[in-house]
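**Q** Take a look at this one; I'll ask things after.
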Amino acid sequence: MTTSGKKTLDRALARTGACSRSVARAAIAAGRVQVNGRTVRDPDTWVDPVRDRLALDGSAAQAARKEVWMLHKPTGLVTTARDEHGRDTVYALLPPDLPWLAPVGRLDQDTSGLLLFTNDSDLAHSITEPATELAKTYEAECRGELGADALQQLAAGVLLADGPTRPARVERLGGDARTTRLRLVITEGRNRQVRRMLTAVGSRVLALHRTRIGPLQLGDLPVGACRRLDRAEVAALRAAVSAVPNRPRTNRGRAR
């Protein structure tokens, strides 16, 4: 069912930038959300984001200014706000006075590099949606000496448990008989994709670092530091995710 101009309550609340959609659903079920002064506990209730007054914990849920930040994630941190195992998270590196921001995709605990955060849910979806084919660049140190055949396999696409990968750009950066350093540019975001690709050609990732997402480069941002993207960078990112082929959406996992 669709209703012109209307959205489900959880989506409408998340689009204000007040919280993520999952947090919104939990808050609604807990009775913390009001619509036109009345508590609503069904997150699938249809509302009009323009005409209806939404409140969270008694305060008006007004649209926050859209922001996009980049973080130079170090290894050892998990990409989540809270971790049930008590591990340190990437949120410890963000300024405490920021509005609510969500990570755009994830980097696993052992992967470092460029990680984006935003409260613009539409932009975040466009970046992570596989159909946009937004390029992500990684530098990997791998076990063993990878020859031309292995590099050709990676470039052509390898078969994983969830299907063949798209062709990738692969460049050998150096190495010796024990290790190989590669730069890989992929246009998907499946779960632990680069690591699985290297396993598929008989190697194993020893270190993995993301240096670029679309037009955004990590550059000389120090490890553990973050900064807000300027208007030109955000505009370039929006242009990159809008200039894509019209492909059907997929349900493959986001990757690192």
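The values are calculated or read from the model by the stated rules, or taken from the named source; none is laboratory data. These figures come from a predicted structure and were not determined experimentally. Neighbour counts run over all protein chains shown; Cβ positions are idealised from the backbone, glycine included.
**Q** Let me confirm something: among ARG106, ARG87, ARG82, which residue is part of a loop (DSSP other than H, G, I, E, B) and closer than 21 Å to THR165 by Cα? Even if it seems obvious, please write down each step before you answer.
**A** Numbers: ARG87 fails: closer than 21 Å to THR165 by Cα; ARG82 fails: closer than 21 Å to THR165 by Cα.
Matching residue, one of ARG106, ARG87, ARG82: ARG106.
**Q** With the condition kept exactly as written, say whether any residue in region 20-33 is part of a loop (DSSP other than H, G, I, E, B), at negative phi, buried (at least 17 other Cβ atoms within 10 Å of the Cβ) and touching a helix residue (DSSP H, G or I) at 6+ places or on another chain (Cβ under 7 Å).
**A** Checked against the condition, which is being part of a loop (DSSP other than H, G, I, E, B), at negative phi, buried (at least 17 other Cβ atoms within 10 Å of the Cβ) and touching a helix residue (DSSP H, G or I) at 6+ places or on another chain (Cβ under 7 Å), region 20-33 yields at least one hit.
**Q** Out of curiosity, is ARG212 within 22 Å of LEU115 (Cα to Cα) and crowded, with 19+ Cβ neighbours inside 10 Å? Spell out how you get there, then give the answer.
**A** Working: within 22 Å of LEU115 (Cα to Cα): yes; crowded, with 19+ Cβ neighbours inside 10 Å: no.
No.
**Q** Within region 78-87, restricting attention to residues that are more than 19 Å from PRO222 (Cα to Cα) and of a type outside the set (A, V, I, L, M, F, W, C), which residue is modelled with the highest pLDDT?
**A** If we filter region 78-87 for residues that are more than 19 Å from PRO222 (Cα to Cα), which is where we start, we get 80-87.
Next, only the ones that are of a type outside the set (A, V, I, L, M, F, W, C) stay: 80, 82-87.
Numbers: THR80: 86, ARG82: 79, ASP83: 79, GLU84: 81, HIS85: 83, GLY86: 85, ARG87: 90.
Within region 78-87, the match that is modelled with the highest pLDDT is ARG87.
**Q** Please work out if THR89 is surrounded by fewer than 20 Cβ atoms within 10 Å (Cβ to Cβ) and among the polar types (S, T, N, Q).
**A** Working: surrounded by fewer than 20 Cβ atoms within 10 Å (Cβ to Cβ): yes; among the polar types (S, T, N, Q): yes.
Yes.
**Q** Does any residue of region 157-177 turn out to be under 24 Å from SER121 (Cβ atoms), in the same structural domain as PRO130 (by TED's automatic domain parsing) and either touching a Gly at 6+ places or on another chain (Cβ under 9 Å) or free of Cβ contacts under 8 Å to residues at least 24 places away in the same chain (or both)?
**A** For region 157-177, residues under 24 Å from SER121 (Cβ atoms), in the same structural domain as PRO130 (by TED's automatic domain parsing) and either touching a Gly at 6+ places or on another chain (Cβ under 9 Å) or free of Cβ contacts under 8 Å to residues at least 24 places away in the same chain (or both): absent.
**Q** Within region 151-162, identify whether any single residue is in a helix (DSSP H, G or I), out of contact with any strand residue (DSSP E or B) (no Cβ under 8 Å at 6 or more places or on another chain) and surrounded by 14 or more Cβ atoms within 10 Å (Cβ to Cβ), and answer yes or no.
**A** yes
**Q** Turning to a different aspect of this structure: From the residues in region 166-205 that are in a loop (DSSP other than H, G, I, E, B) and of a type in the set (Lys, Arg), which one is modelled with the lowest pLDDT?
**A** Residues of region 166-205 in a loop (DSSP other than H, G, I, E, B): 166-168, 176-178, 187-192, 201-204.
Within this subset, residues satisfying the condition of being of a type in the set (Lys, Arg) are 166, 178, 190, 192, 204.
On the way: ARG166: 96, ARG178: 94, ARG190: 89, ARG192: 93, ARG204: 96.
Restricting to residues being in a loop (DSSP other than H, G, I, E, B) and of a type in the set (Lys, Arg), the top hit is ARG190.
**Q** Given the condition under 11 Å from the mean Cα position of the chain (by Cα), surrounded by fewer than 22 Cβ atoms within 10 Å (Cβ to Cβ) and either of a type in the set (Lys, Arg) or assigned by TED's automatic domain parsing to the domain that holds HIS209 (or both), answer yes or no: does some residue in region 92-100 qualify?
**A** So the first thing to find is which residues in region 92-100 are under 11 Å from the mean Cα position of the chain (by Cα), and the list is none.
There is no residue in region 92-100 that is under 11 Å from the mean Cα position of the chain (by Cα), surrounded by fewer than 22 Cβ atoms within 10 Å (Cβ to Cβ) and either of a type in the set (Lys, Arg) or assigned by TED's automatic domain parsing to the domain that holds HIS209 (or both).
**Q** Here's a follow-up. Applying the selection to region 113-130, what residues are crowded, with 21+ Cβ neighbours inside 10 Å, over 10 Å from the mean Cα position of the chain (by Cα) and not in a strand (DSSP E or B)?
**A** Within region 113-130, ASN119, ASP120 qualify.
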